[in-house]
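Peer 1: The structure under discussion is supplied below as structure tokens; questions concerning it will follow.
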Amino acid sequence: MRVVLLGPPGAGKGTQATGIEEKYNIVHISTGDIFRKNVKEGTPLGKQAQAYMDKGELVPDELVIALVQDRLKQDDCKNGYLLDGFPRTVFQAEAMEKLGIDVDKVVDIQVGRDTLIKRATGRRVCKKCGETYHISFRPTKVEGVCDKCGGEVAHRADDQEATVARRIDVYLTETAPLVDYYEKKGKIVHVDGEQEASTVQEKIFAALGD
């Protein structure tokens, strides 16, 4: 199964991606994680990506497409994959098709702007293992300490309110047209992301097929 996960920042894509990955035994590929890994390691791509991410802007297509194409050639993608954060634009989607990157289903998680900002600004991420928490919805047992590995849990620079608002605007301008693109291809399913995470997951599973 080859799935694309759409939704604005704070829609809960990370949470839902974990469930999809486990249920269907496919690899979760998040461009955000790939970029952060490169930033942490100080690679040339990471340095370029950092400048865009800090401003809440999208990383240019040419950087993203080459990176994703290379990732999908790896052995763990043979059984299928879940693309999270890619494609972000219709141009990228068309580039995927030209490169032979297939998609079976597209899941569009829909959430209102006010909810998105509340979710994103309250998010905290472990610097060591990347586990995600939220000060209201999923706090750590010990403040500032990851339940999973004991690493430091912090507020990311790209989760500040002004940056989050900018990311939402960018999404609405550049990524939302993908909904129409995949709608015309008959591949998209829409899910109300303002419900409980477990309910959202059930609806996604039903759409993808149990």
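Peer 1: Calculate how many DSSP beta bridges within the chain are antiparallel, expressed in % of all such bridges and rounded to the nearest 5. If you can, show how the numbers build up before the last one.
Peer 2: Numbers: 8 of 25 bridges.
Around 30 percent of the beta bridges assigned by DSSP in the chain are antiparallel ones.
Peer 1: Straight-line reach only, C-alpha to C-alpha below 21 angstrom: list the lysines that residue 73 could link to, leaving out same-chain residues fewer than 8 apart.
Peer 2: Cross-link targets: 37, 98, 105.
Peer 1: Based on the Kirkwood radius over alpha-carbon pairs, what is the Stokes-Einstein translational diffusion coefficient of the stretch 66-210 at 37 °C with 0.692 mPa s viscosity, in µm²/s? Display every interim value, and only then the final one.
Peer 2: Numbers: Rh = 17.5 Å.
Rounded, D is 188 µm²/s.
Peer 1: Two decimals, Cα atoms only, Kirkwood Rh: what is Rg/Rh over the stretch 1-78? Write out the running numbers ahead of the final one.
Peer 2: Values: Rg = 13.4 Å, Rh = 13.7 Å.
Ratio of gyration radius to Kirkwood radius for the stretch 1-78: 0.97.
Peer 1: Further question on the same structure: Sort 4-11, 175-182 for me by packing, meaning the mean count of neighbouring Cβ atoms within 10 Å per residue, highest on top. If you can, show how the numbers build up before the last one.
Peer 2: Working: 4-11: 24.1, 175-182: 16.5.
Descending mean neighbour count gives 4-11, 175-182.
Peer 1: Turning to a different aspect of this structure: Just the number please: accessible area per residue for the chain, 1.4 Å probe, all protein chains included, in Å². Let's see the in-between values first.
Peer 2: Working: 10950 Å² over 210 residues.
Solvent-accessible surface per residue comes out at 52 Å².
Peer 1: Within 9 Å, Cβ to Cβ, of residue 155, how many net charges do the neighbouring residues add up to if Lys/Arg are +1 and Asp/Glu are -1?
Peer 2: It works out to a net charge of +2.
Peer 1: Taking every pair of alpha-carbon atoms in the stretch 1-136, what share in percent sits in each 5 Å bin, from 0 to the bin with the longest distance?
Peer 2: In whole percents, the pair-distance histogram is 2, 9, 18, 22, 23, 17, 8, 2, 0.
Peer 1: Quick check: with the 1.4 Å probe, what order do 173, 121, 18 take by accessible area, largest first? Walk me through the numbers before you get to the answer.
Peer 2: On the way: 173 100, 121 35, 18 65 Å².
Most to least solvent-accessible, the answer reads 173, 18, 121.
Peer 1: Right, another one. Per 5 Å bin, what is the whole-percent P(r) computed from every C-alpha pair distance within the stretch 82-144?
Peer 2: 4, 12, 17, 16, 14, 14, 13, 7, 3, 1
Peer 1: OK, next. Accessible area of the chain with a 1.4 Å probe: how many percent of it is carbon plus sulfur?
Peer 2: 48 percent
Peer 1: Moving on to the next point. Would you list, by chain and number, the aspartates and glutamates whose Cα falls below 16 Å from the Cα of residue 127, excluding same-chain residues fewer than 8 positions away?
Peer 2: Of all the aspartates and glutamates, those that pass the test against residue 127 - Cα under 16 Å, at least 8 places apart if same chain - are 33, 41, 143, 147, 152, 158, 159.
The values are calculated or read from the model by the stated rules, or taken from the named source; none is laboratory data. What you are looking at is a predicted structure, and each value in this text was computed from that prediction instead of being measured. Using ideal geometry, Cβ is built from the backbone for each residue, glycine included, and neighbour counts are taken over all protein chains shown. Please note that ligands, DNA and RNA were not included when accessible areas were found on the heavy atoms of the full protein model with its side chains. Shrake-Rupley method; radii C 1.70, N 1.55, O 1.52, S 1.80 Å.
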